[in-house]
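Worksheet for the structure shown next.
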Amino acid sequence: MRERVERVPVVVQGRRGQRGRAARLVWGGAEIAVTCGLVLLLLVVHQLWWTNRQAREGAERQVQALEREWGSPSDSAPADADADADAGAESGADPAAEAPSRASGSGSQKSARRPHTVTAPTPAPDWDQVYAVLRIPRIGIRVPVAEGVSKSAVLNKGYVGHYPRTAQPGQGGNFALAGHRNTHGEPFRRINRLGDGDELFVETKSAVYTYVVDKTLAQTSARDSGVIRSVPRSDVKAGHGYRSPGYYITLTTCTPEYTSKYRLIVWGKLRSMRPR
């Protein structure tokens with residue numbers, strides 16, 4: 001009796017099968033790449049648009065709240081308290097100092113004259129407290145100033161932060177501020193456009209202080225702490241800054257744009273102050 005032998009079919013993987021697997025792998029990789037690209041795009045939109053919108057709206061609400069508390073809006077630039085007292089400021093004279101100060105960029109000295117209207121300097125506020133408004137008409141800025149430079153509590157809210165242990169508005173020394181240049185409201189986006197003679201108005205509950213830009217430093221190290229000292233002077237870039245005590249303001253932000261590698265610095269001097 002013959003035995004029946006069953007034949008088992010053998011499937012041979014040819015080139016078509018290999019191409020099919022390769023196509024599926026390529027398709028799967030493409031899907032992952034597209035998904036990752038969409039996620040990154042959403043993150044970029046969030047950082048560059050949504051955070052700016054949220055921060056600007058929140059900052060504007062803070063400005064309006066301060067104006068309601070103070071009882072008077074700040075839509076127009078304040079007039080100087082004493083035009084005669086301003087004459088010496090452009091040459092570097094301190095408006096509230098009796099002693100002469102050295103003129104910026106020259107060896108001559110002129111006597112500073114005290115304005116007829118003098119207000120008490122702003123007292124130290126609580127940590128993270130919003131207590132002033134910075135206005136820079138040249139670049140269309142109107143932004144609240146808060147105590148401290150915390151990212152989460154101050155800078156990322158679109159505020160400008162006051163460096164602790166530096167002077168308050170109207171005080172002798174250096175009123176030093178920091179702000180984002182990109183994202184989160186980017187209040188200092190265009191401070192690189194500021195130059196000699198541009199006015200900076202700092203408004204508090206009791207007074208309006210007018211500072212005038214007279215020096216800039218396009219780039220310095222992020223660790224250049226000399227730029228916010230009482231007499232601001234770069235520890236990195238020789239010859240940039242001041243040598244004599246005065247009434248200064250310093251604006252600091254990151255540079256180049258969209259990086260935090262270096263710092264851009266704008267300096268100015270107090271020209272006048274008037275009560276609200």
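Please treat every number below as a calculation from the coordinates, not as lab data. Only a predicted model underlies this, so the values are computations on that prediction, with no experimental measurement involved. Counting neighbours? That spans all protein chains shown, and the Cβs are built from the backbone with ideal geometry, glycine included.
Residues whose amide H comes within less than 5 Å of that of SER272, counting only those at least five positions distant or on another chain, are THR210 (H built at 1.01 Å from N in the peptide plane). Within straight-line reach of LYS157, meaning a Cα separation under 23 Å, sit the following lysines at least 8 residues removed in sequence or on another chain: LYS205, LYS261.
Placing dummy labels 7 Å off each Cα toward the beta-carbon, the span from TRP50 to LYS261 is 2.9 nm.
Between ARG68 and SER225, the modelled label-to-label distance comes to 4.1 nm, taking each label 7 Å out from Cα in the direction of the beta carbon. Residues whose amide H lies under 5 Å from that of ALA176, counting only those 5 or more places away or on a different chain, are TYR163, ALA167, THR250; hydrogens are built 1.01 Å from N in the peptide plane. Distance from the C-alpha centroid of the range 125-181 to that of the range 207-247: 16 Å, rounded to the whole angstrom. Note that the range 198-211 has calculated 3J(HN,Hα) couplings of 5, 9, 10, 10, 10, 10, 10, 4, 9, 7, 10, 10, 10, 10 Hz, one per residue in order, obtained from phi through the Karplus relation 6.51 cos²θ - 1.76 cosθ + 1.60 (θ = phi - 60°); glycine and proline are x. 3J(HN,Hα) along the range 184-192: 6, x, 5, x, 9, 4, 10, 5, 5 Hz, from the Karplus curve 6.51 cos²θ - 1.76 cosθ + 1.60 with θ = phi - 60°, whole Hz, x for Gly and Pro.
Quick query: amide H of ALA222 versus all other amide H atoms, modeled in the peptide plane; which residues come in under 5 Å with a sequence gap of 5 or more or a different chain? Close amide H contacts, sequence-distant or interchain: ARG263.
Give me the net charge of TYR209's neighbourhood, meaning all other residues with Cβ under 9 Å from the Cβ of TYR209; Lys, Arg count +1, Asp, Glu -1. Numbers along the way, then the final one.
Values: positive: ARG271, ARG274; negative: GLU203.
Taking every other residue near TYR209 into account, the sum is +1.
Residue-wise HN-Hα couplings along the range 157-167, as the Karplus relation 6.51 cos²θ - 1.76 cosθ + 1.60 with θ = phi - 60° gives them from phi, are 8, x, 7, 9, x, 8, 5, x, 6, 9, 5 Hz; Gly and Pro carry x.
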